[in-house]
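Throughout, read-outs are computed from the coordinates displayed, never taken from laboratory work. Small disclaimer: the values here were computed from a predicted structure and weren't measured. Positions of Cβ are generated from backbone atoms using ideal geometry, with glycine treated the same way; all protein chains shown enter the neighbour counts.
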Amino acid sequence: MPSAEARIFVRNDAPIRLDEAVVAGGGVVFPLEEANAIVWAASDPEELARALHPGIRWVQLSFAGIEDFFAALRLWRWQRRMEGKPLGHPHDGTGCRPAA
């Protein structure tokens, strides 16, 4: 079975130390290019869109009011599903879910 190790990149504009929280919770902090997960506490959706790469498996946004991040996350989700799985078109109302 493949390793389920979370290699977490932390992007933080908040005055709290999220990297320390990740480590205290048993996680390991990695540079973005080696990460497979992101904990995001910055307010720039375009920066998040640039940070997302094919190796990222999940993203944790650390705040409410995430509507501005939907476009970046939808595009990333759609791109991930292109790895051999059937897709609905992003503009056909499927919300980028796999086609039936």
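Counting Lys +1, Arg +1, Asp -1, Glu -1, what net charge surrounds Asp68 among other residues with beta carbon under 13 Å of its beta carbon? Here the charged neighbours net out to -3. Derived scalar couplings between HN and Hα for the stretch 69-74 equal 8, 4, 4, 5, 6, 5 Hz in order, rounded to whole Hz, by the Karplus curve 6.51 cos²θ - 1.76 cosθ + 1.60 (θ = phi - 60°), x for Gly and Pro. Model label sites at Ala41 and Glu67, defined 7 Å from Cα along the beta-carbon direction, differ in position by 2.5 nm.
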